[in-house]
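*Asks:* Next up is a structure, given as structure tokens.
Quick note: the coordinates plus some simple rules give every number you see, no bench work behind them. Just so you know, these numbers come straight off a predicted model, no measurement behind them. When we count neighbours, we look across all protein chains shown, and the Cβ atoms used for this are built from the backbone with ideal geometry, even at glycine.
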Ligand code: FES
Ligand code: FES
């Protein structure tokens, strides 16, 4: 067992967990933040994406101990009170149906927009589609997710 | 009104999902919760000689290891198929025994042998690996054709030759005669590839037995919690119906795979009683591939005949359907009454004959997956039509148009009576949106870039609603397929609608609200939809078969009719007017032509205070309806796919996908388009990417997202989605249903487009680059030889 401490959604978190505890288990089972989901066992679906020190990470593919001292943001902490512009864009563009892939999609999307902005590259439709390689949605056929991310990117730019 | 029928209202349910506050089964933790893991067979076919659980039981944290002998010893019943299908010789189907935990024999890789209950998930999984099962490995058969062959390994004693049933529909003699006399015929071997549904939320269950009152609660990932409760109590004897509460909270997609009651729910409920703990099980993805019911898996030979004017004279279809190792809940209906009955397509065909042999194999049970039988029928029909057009040298759109059913009602020779539609209108709309006229120029332009461009049609029709009850009953259904609704107007005028439908992505909280808001002129925030809990909703049949609009919403309309009648009586009484003069609009009950009115909440209050209601009227304002429609509904449409194939690599790119659907009345176009998008994506997935693969020893080779090609965003195009609707005469809202159309209509359009591009009609799904490349080479070789 190891005591793992990190900052999650701005709050100090601490739990004594088995050494092989995955970050997603730490978040879901120990912190009871269940917005982060598990959709596969091979790190491919992206339902578990969170931000660790500002970068999108598949929390099913990281050990909790490896995030000792890190600053972690989950879907629950993406916005304070009101919805984040990307969350609003998903709603307005009907970018979700069953909602299971959605937290991972939104966390991936905000990271994608930030990275493209930083590097000065254009986030066009083809770029969005290829950036979504690691996120699977079975419900939407991606059409509206792609639209939502483009819309969310412009909303983020103007907010 | 902006939030009523036809408005693009944003979804009420979105917020909780977007902020991470959805409540899926695995998110729930019960007091005193333990964790389950299953001991599963690594063999596709084997006799179970002995089970030694002593090492597992000795582990710290292990609460119990329970096996099939104990389960059956406690009187837990076998899993059944709820739809009886009769063979053509009149004999009943051969249902093999399926125990939730195998007793003497395992029949597919993943078949559960024992359940381990432990304090932690890690311990449960570790202990499951410590259980030693002694197997006697038996020969294996994995596909339907081999399953029927002489000398094939036999799965069930009561199913000689692995034959589940040998079913027929239509009239063989006249069909043979029509085909013999046809001016043109086209014959094809057509395989409908086996798929894994892959809802993104894996199945899960939490069972809690409360010894204080002998009561069970089951949280489960179900599309139809009431049916689950009924089956668990009436057939599996797990708990009496009045002592079992089934809750399907937020459910992360279903696509059919969450209709069925699986071994795990049964075992968890029983284990909870045995251990006096809450027992939680959550599937991982590998387990999902190994145990969730698969879909499709048909091997078909079909022949279609035309007269000299290119009118269809007959269609004969011979199909072998793989049902897997056991009969799942609706497995018999999918390749029969949801398949053969749709083989008339959108066309006038006098003579149809269909024979389906259903076969046991050492694979996961196969059942309904989005579309269920209807995609298989459309795929046969639409590939035949396109291929026939090419062979006869006529335009595929024209050939279809010449054969369209144009008068309704239309009785097909295969049971269904189409009630409405305008197939030519959908085809016109799709052809215009796809710029069909400009295709040859685009083909030439692509050729100048070294690309092969092709276009393919698919004119699908489906039967939805899966009702009326008497009709499905006469075809073998073990349950009625109506839907229920209860509309409760509270004393303050807010409304709760309790529905037997279940939403797992369809957005019922939004669309169901819209029809109530429109009817009574109320703001949508005053309306709440309640579903998915057998303690709240008395009964319901659940969501599948695109039935929640046509059947589920109709039940709400019928209940609202009753509420309206009572409200008018109260209004007339209080406002001292004639009932005929009372109208309900803008959230008020008014006397026509006067300024006398009661606000909606005043009516609610009047009903509950009961100080001033008509004499003899019962207080309160709550009405129920059980709605049973008069016919199936028949959504139909025309899909056009355009592709570019790289002849060097065989890679297919979908450059255009157009859909024109007739769904009848549309409540929320935004949601309907979303359903079509998702359905098309699954259909394209089937056509280009997906396929379950078993090796000859029955090992599942496609058991993870590394091996099973799920469609990703970059595999798919944007969709050009259109509607051209006729009203369905069979239900009060005129709805036909939209949930499955995309998955039904799209696969033939994609394959027809690729085969057009490469000039070879012989191509099977999934059309991987390797297969397409080989088909190009074969076409080239053939051309060179000619
Ligand atoms: S759960 Fe992490 S990628 Fe699927
Ligand atoms: S919305 Fe259901 S998986 Fe994406």
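*Asks:* Is chain B best put as rounded, prolate or oblate by its Cα gyration tensor, with a ≥ b ≥ c the root eigenvalues, rounded for a/c under 1.5, and otherwise prolate when a/b is larger than b/c, oblate when not?
*Replies:* On the way: a/c = 1.80, a/b = 1.10, b/c = 1.65.
Cα axes put chain B in the oblate bin.
*Asks:* In region A:2-76, what % of DSSP beta bridges are antiparallel (nearest 5)?
*Replies:* Numbers: 14 of 16 bridges.
That works out to approximately 90 percent antiparallel.
*Asks:* Each label point is 7 Å from the Cα along the Cα-to-Cβ direction; what then is the distance between the points at residue B:57 and residue A:16, in nm?
*Replies:* 3.2
*Asks:* Would you mind pulling out the separation of the Cα centroids of region B:623-697 and region B:393-453, in Å?
*Replies:* Result: 16 Å between the Cα centres.
*Asks:* Then there's this: If packing is taken as the average number of other Cβ atoms within 10 Å across a peptide's residues, how do B:267-279, B:59-71 rank, most packed first? Can you show the working numbers first?
*Replies:* Numbers: B:267-279: 24.3, B:59-71: 19.5.
My ranking of the peptides, most packed first, is B:267-279, B:59-71.
*Asks:* Indicate, rounded to the nearest 5 percent, the antiparallel portion of the DSSP beta bridges found entirely in region B:482-627. Don't skip to the answer; put the middle values down first.
*Replies:* Working: 18 of 22 bridges.
DSSP beta bridges in region B:482-627 are roughly 80 percent antiparallel.
*Asks:* Please compute the average number of Cβ atoms from other chains found within 10 Å of each residue's Cβ in peptide B:706-712. Display every interim value, and only then the final one.
*Replies:* Numbers: counts 4, 1, 0, 0, 6, 5, 10.
Taking the mean over all residues of the peptide, I get 4.
*Asks:* To continue, here is another question. Please give the length that would be gained between residue B:697 and residue B:447 if that part of the chain were fully extended, namely 0.36 nm times their separation in residues minus their C-alpha to C-alpha distance (nm, one decimal).
*Replies:* The span from residue B:697 to residue B:447 would gain 85.5 nm if fully extended.
*Asks:* Let me ask something else. With r as the distance between the Cβ atoms of residue B:307 and residue B:149 and R0 = 51 Å, compute the FRET efficiency 1/(1 + (r/R0)^6) and round to 0.05. It would help to have the intermediate numbers written out before the result.
*Replies:* Values: r = 37 Å, r/R0 = 0.73.
My answer for the efficiency is 0.85.
*Asks:* Once you put a point 7 Å from the Cα of residue B:30 and another 7 Å from the Cα of residue A:66, both along the Cβ direction, what distance in nm separates them?
*Replies:* 3.5
*Asks:* Hey, got the average number of other protein chain Cβ atoms within 10 angstrom for residues in B:26-33?
*Replies:* On the way: counts 4, 6, 1, 3, 0, 0, 0, 0.
What the average comes to for B:26-33 is 2.
*Asks:* Distance from a point 7 Å along Cα→Cβ of residue B:172 to each backbone N in region B:291-334: keep the residues under 17 Å and list them by number.
*Replies:* Once the point is set 7 Å along Cα→Cβ of residue B:172, B:301-303, B:315-321 turn out to lie under 17 Å by backbone N, inside region B:291-334.
*Asks:* Here is a follow-up. Take the Cβ-Cβ distance between residue A:133 and residue B:649 as r, set R0 to 30 Å, and report the resulting FRET efficiency rounded to the nearest 0.05. Walk me through the intermediate numbers first.
*Replies:* Values: r = 19 Å, r/R0 = 0.64.
With R0 = 30 Å, the Cβ-Cβ based efficiency is 0.95.
*Asks:* If neighbour count is taken as other Cβ atoms inside 10 Å, put B:738, B:81, B:638 in order from fewest to most. Intermediate results must be reported in sequence, preceding the final value.
*Replies:* On the way: B:738 28, B:81 25, B:638 31.
Fewest to most other Cβ atoms nearby, the residues stand as B:81, B:738, B:638.
*Asks:* For residue B:103 and residue B:784 in one chain, what is 0.36 nm times their gap in residues minus the Cα-Cα distance, to one decimal in nm? All intermediate terms of the calculation are to be shown ahead of the outcome.
*Replies:* Values: separation 681, 0.36 × 681 = 245.16 nm, distance 5.91 nm.
Stretched out fully, the residue B:103 to residue B:784 stretch lengthens by 239.3 nm.
*Asks:* When ranked by the protection proxy of mean other Cβ atoms within 10 Å per residue, highest first, what sequence do the peptides B:20-28, B:771-779 form?
*Replies:* Averaged packing, sorted descending, gives the order B:20-28, B:771-779.
*Asks:* At 222 nm, what helix-only mean residue ellipticity would chain A give, in deg cm²/dmol to the nearest 500, using -39500 (n - 2.57) for each DSSP H run of four or more? The partial results should precede the final answer.
*Replies:* On the way: 4 runs with 48 residues, N = 159.
About -9500 deg cm²/dmol.
*Asks:* To the nearest 0.05, what FRET efficiency results for residue A:32 and residue B:157 with a Förster distance of 45 Å applied to their C-beta separation? Let's see the in-between values first.
*Replies:* Values: r = 50 Å, r/R0 = 1.10.
With R0 = 45 Å, the Cβ-Cβ based efficiency is 0.35.
*Asks:* So, by mean Cβ neighbours within 10 angstrom, what's the order for B:420-429, B:48-57 with the highest one leading?
*Replies:* Working: B:420-429: 20.8, B:48-57: 15.5.
Going from most to least packed, we get B:420-429, B:48-57.
*Asks:* Counting only DSSP beta bridges with both residues in region B:484-544, tell me the antiparallel percent, nearest 5. All intermediate terms of the calculation are to be shown ahead of the outcome.
*Replies:* Values: 5 of 9 bridges.
If I count the DSSP bridges inside region B:484-544, around 55 percent turn out antiparallel.
*Asks:* Tell me whether region B:480-606 comes out rounded, prolate or oblate; compute the Cα gyration tensor, take square roots of the eigenvalues as a ≥ b ≥ c, and use a/c under 1.5 as the rounded threshold.
*Replies:* Numbers: a/c = 2.38, a/b = 2.26, b/c = 1.05.
Verdict is prolate for region B:480-606.
*Asks:* Under 20 Å from a point placed 7 Å out from the Cα of residue B:392 along the Cα-to-Cβ direction: which residues of region B:336-359 have their backbone N that close?
*Replies:* B:343-353
*Asks:* Let me ask you something else. Would you compute, from DSSP H runs of 4+ residues alone, the mean residue ellipticity of chain B at 222 nm, taking -39500 (n - 2.57) per run and dividing by the full residue count, rounded to the nearest 500?
*Replies:* Working: 20 runs with 219 residues, N = 786.
Helix-only estimate at 222 nm: -8500 deg cm²/dmol.
*Asks:* Determine the distance separating the Cα centre of region B:534-600 from the Cα centre of region B:99-166; give it in Å without decimals.
*Replies:* So the separation of the two Cα centres works out to 53 Å.
*Asks:* What nm value, rounded to one decimal, do you get for the distance between residue A:154 and residue B:318 when each label is placed 7 Å out toward the C-beta?
*Replies:* Each label point is offset 7 Å from its Cα along the Cβ direction, giving 5.9 nm.
*Asks:* Roughly how far apart, in whole Å, are the Cα centres of region B:325-350 and region B:480-524?
*Replies:* 32
*Asks:* Rounded if a/c is under 1.5, else prolate if a/b is larger than b/c, else oblate: which is the protein assembly as shown, with a ≥ b ≥ c the root eigenvalues of its Cα gyration tensor?
*Replies:* Numbers: a/c = 1.25, a/b = 1.07, b/c = 1.17.
Rounded.
*Asks:* Within 10 Å of each Cβ in peptide A:127-134, how many partner chain Cβ atoms are there on average? Round it to a whole number, please.
*Replies:* Values: counts 1, 2, 7, 3, 2, 3, 4, 1.
That works out to 3 on average.
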